[in-house]
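Rule-based calculations on the coordinates, nothing more; no lab input. These numbers come from a predicted model, not from an experiment. Reconstructed Cβ throughout: ideal geometry from the backbone, glycine too, with neighbour counts over all protein chains shown.
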């Protein structure tokens, strides 16, 4: 199929872009197009106006300040994946981005575009929630920020209102002695994961867990925070000397709780029971990996 007819505009400024979006329920923003173009070709999306933001000044910024990384709306996934500073300072972002589709997809796809598409199985929404990222949103009325945990409302549904667009995302730098991990399982290389888990653990100087975040993708209509992660705060698990029992019992308990508490769905790719088993295995693996990485910084 071919897309339905639409008007195409290519604004040069943010003000011009927002003017096209203001009050226009039939406008869609085009950045990398890796989510939108397939929808257009299937006519699952039929915008009246396509607003191409790739020429808008200031949206292709990848900028650090004292406590955060700022990623503009047209920054490509491949750029973030290969950035040495991102890999060193927010490794989970580089790690997860490298698993999105194939290189050709990441060369065009954008970080912000993946967030606004809000696929519940995708890597970046879960990572953004685990990292406590904030989405920067603009409209003709002004600017606002939205925590990632409040940005995703459902499958392919965000808190963006009529006339608003996401112009960037802010990832705070993790505190010292923080370990991060993203693990996922997919049927084939470059497929969307059936389940993915983002984990961030922060330790005190004495090796006690001071903060813990666990977020799952692929088990509901939006990224799911694992409630049991809070039970790890104040814990100082130590691995068994036995290789077969290298996972602390505290981690196994959280993984079991996650598998019980989640509400996975079945679809054409797999059934709910399989997803529940994956939640246990991947939660445990993410905890082990994040704990090990945090320990390396002590």
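Overview of values
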quantity	calculated
Residue with peak Gaussian network fluctuation, the chain [Cα springs, cutoff 10 Å], from 182, 224, 64	64
Label-point gap, in nm, between residue 61 and residue 107 - each point 7 angstrom along Cα→Cβ	2.8 nm
Space enclosed by the convex hull of the alpha-carbon atoms of region 62-172, per residue, Å³	94 Å³
Top of 131, 146, 199 by mean-square fluctuation, Gaussian network on the chain, Cα under 10 Å	146
Contour excess over end-to-end distance, with Cα ends at residue 25 and residue 204 and 0.36 nm allotted per residue	59.5 nm
Segment residue 267-residue 187, extension gain: residue separation times 0.36 nm, minus the distance between their alpha carbons	27.4 nm
Rounded tilt (10° steps) of 272-295 against the dominant C-alpha axis of the chain	70 degrees
Using alpha-carbon coordinates, inclination of helix 249-261 to the longest axis of the chain, degrees	40 degrees
In nm, spacing of pseudo-spin labels at residue 15 and residue 44 (7 Å Cα→C-beta vector)	3.8 nm
Theoretical gain in end-to-end length, residue 256 to residue 145 [0.36 nm per residue, Cα-Cα removed]	36.5 nm
Residue-averaged [θ]222 nm for the chain, counting only DSSP H segments that reach four residues, each worth -39500 (n - 2.57)	-9000 deg cm²/dmol
Gaussian network model of the chain, springs between alpha carbon atoms under 10 Å - residue of 81, 200, 263 with greatest fluctuation	263
Spin-label pair residue 281/residue 159, simplified geometry with 7 Å Cα→Cβ offset, distance in nm	3.5 nm
